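Derivation of every value follows stated rules applied to the coordinates shown; laboratory data play no part. Here the structure is a predicted model, which means the values were calculated and not measured. In this analysis, Cβ positions are derived from the backbone assuming ideal geometry, glycine residues included, and neighbour counts consider all displayed protein chains.
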Amino acid sequence: MADNKRNSVLKKFVGNTSWMMFKNIYSMLVSLIVGSLSARFLGPSNYGLLNYGSSIITFFTTVSKLGMDSVIVAEIVRRPDKENSYLGTALTMRLITSILSFFAVWGFVLVLEPNHQLLQIVTVLQATAIIFQSTEVFYFWFQAKMEMKYVTLASMAALTATGVWRIVLLINKASVGWFAFSASISALVCGVCICVFFVRKARIRLSCSIEDGKYILNKSYHFIINGLAVTLYTQLDRIMLGKMINETIVGFYAAASTLAIMWEFVPTSIINSATPLLVKIYDQDRKRFVFQYQMLLAGISGLSIIVGIAFTIFSKLFISILYGKAYLPAVPVLSILIWSTGFAMIGTARGIWIIAAGKNKYSKYFTIIGAIINAVLNMILIPVWGIVGAAFTTLLSQVIVALVAPIFFSETKEFIILYFGAFKKIPLYWKQLKKYIL
């Protein structure tokens, strides 16, 4: 009976992960085809302008999310009787912060670049997406229920609509402002679809509670600070490159960064799908949790090494085929950034243990350390090495956040033991996998 139950859970996990991967593969294909064509058409300068504005917006998007993502998923898994209140309260808070964030973006870009009217227009057009993204709250319910099929369908509908929009713009040789509105179209279509799916599948009446709002914020405020710090050390490089050099350099950096993160859909899908499952196992059987969690860490690390080697060898070929010779200065950047994504995925996987063990507050400490180091190194290395200095700074920041920062806190040293201990059990993991496969 126990084996049948485990096999049923495993089957659901594999199915859920497969849907998430399918969505991300589709997203990758759209980005490769439509995204690279758009980058070629716009050129490094206008492409950099879009990404400059997007990096600014990302700071405020992080604030609007209130760090609730993993917290709500875990709470719904543990307290399904409260899902209507948790979701309704989260949606209300997200709508309020999203509207405030939209106007904050507007004001910030006016102060940062008072004489750059085109950047102001492009940024505001992209920022509209923040409001539509409030409906991402419904993702939490589907993730907790391991029903990511519906999130996948909504995302694919949005990707298709955005792809068609950009193709029309390319045919008509539209200005960069029209391309800036693509993110808002994507968020709107995805929001409408996920609302329809939620109403049809969940069949629950949402409610809003001030007490539950306080409870959620008490659990998630660590992740707000953590999210801002992560955003700082992942987006600060683009903003500093734009301010200290120019938008064209940002275009090169964005091209390399887009390719570097393209493979992340595989580990991200696995991690997102595994989160509710591992949180439940942690509460029931710690020994089993350690074994399965370490298997996840070892798998992600191994995949990161394979991808890093492949991208380092073929970076020039990838850039040439997808973006053209105009973007060749992005080649050395891609060779560095691809390794930073591997460490970023280790940090993402650590989030499962952080949430399950109730050590949420340490997430913000890790990323604050990384953000400070990132800011200092960018100020030192960008004037000396330019775009390569920014890439190296990102890599070093990710290494520190993922594997160095936890050492400084007694309660989180356990993660380092778990991580490096995972590699000793690789033969056992292979034996376990063969049992399920065969």
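A few remarks follow.
- The stretch 166-217: trypsin sites (Lys or Arg not before Pro) falling in loop per DSSP and having at most 10 other Cβ within 10 Å: K173, R203, R205
- Exposure proxy ranking, count of Cβ atoms within 10 Å, fewest first, for L159, L403: L403, L159
- Sites D285 and M379, calculated FRET efficiency, Cβ-Cβ separation with R0 45 Å, nearest 0.05: 0.40
- Estimated at 0.36 nm per residue, the fully extended path between L428 and L170 surpasses their Cα-Cα distance by 87.7 nm.
- Residue-wise HN-Hα couplings along the stretch 95-107, as the Karplus relation 6.51 cos²θ - 1.76 cosθ + 1.60 with θ = phi - 60° gives them from phi, are 4, 4, 5, 5, 5, 4, 5, 4, 5, 5, 4, 4, x Hz; Gly and Pro carry x.
- As a proxy for reagent exposure, ranking L170, L66 by other Cβ atoms within 10 Å from fewest up yields L170, L66.
- Averaging 1/r over every pair of different alpha carbons in the chain and inverting the result gives a Kirkwood radius of 22.5 Å.
- Note on the chain: helix-only mean residue ellipticity at 222 nm, from DSSP H runs of 4+ residues weighted -39500 (n - 2.57) and normalised by residue number, equals -28500 deg cm²/dmol.
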